[in-house]
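Comments concern the structure below.
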Amino acid sequence: MTNKAFFERLGAPLANPRWSWGAERKEDGTVFLRVWQDECKKIDGKFFMRLTANEYFEKNDPANLGYQERLRHIGLVENGAMAYMTICEAKDVSAIPRSVKKYNDKEVFLGGLLIDRNGDKWLELKERFPIKDVQKIRNNSPI
């Protein structure tokens, strides 16, 4: 399944399949975010996924459309939107920009606590839900 088709199945079509890092489902305001598998960190006994690379983008490419969209999505989460993550594996973790080698198109992961750590936003990785149950992920409540 293509990344575009995956987000459409979630009911949250990407603004642009080339540069979007996530999407909002307009129906209920749920945000779906792509995150990198290698950017997971255990903090205070919980697993978190990095959502931003602010130092890089603010210095090198602050007008980047994907980055600007990510900041808007984070704002939605900060204001109470439910968030789910889809985990991607990078072809090369040292490449800038990265490209997706593969992603988990079978599950989405519920986001929990959103924290700021060393200038970046991190979202708690909570329980996983099969994509087949995606229609149950509605109205800002987990399955």
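The values are calculated or read from the model by the stated rules, or taken from the named source; none is laboratory data. Keep in mind that what you see is a predicted model, and the values were worked out from it rather than measured. For neighbour counting, all protein chains shown are included, and Cβ atoms are generated from backbone atoms with ideal geometry for every residue, glycine included.
Per-structure values
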item	result
The one condition in (1) in a helix (DSSP H, G or I); (2) touching an Asp or Glu at 6+ places or on another chain (Cβ under 8 Å) that R98 fails to fulfil	(1)
Tally, over region 101-135, of residues that are outside any strand (DSSP E or B) and out of contact with any Gly (no Cβ under 9 Å at 6 or more places or on another chain)	8
Inter-residue pairs, beta-carbon under 7 Å, first without any contact (Cβ under 8 Å) to a residue 24 or more places away in the chain and in region 102-129, second surrounded by 17 or more Cβ atoms within 10 Å (Cβ to Cβ), 6+ apart	N104/T86; N104/I87; K126/F109; K126/L110; K126/G111; E127/L110; R128/E107; R128/F109
Filter result (at pLDDT 95 or above and assigned to a loop (DSSP other than H, G, I, E, B)) within region 22-43	Q37, D38, E39
Cβ-Cβ under 9 Å pairs, at least 6 apart or on other chains, region 49-67 side without any contact (Cβ under 8 Å) to a residue 24 or more places away in the chain and β-branched (V, I, T), far side surrounded by fewer than 14 Cβ atoms within 10 Å (Cβ to Cβ) and part of a loop (DSSP other than H, G, I, E, B)	none
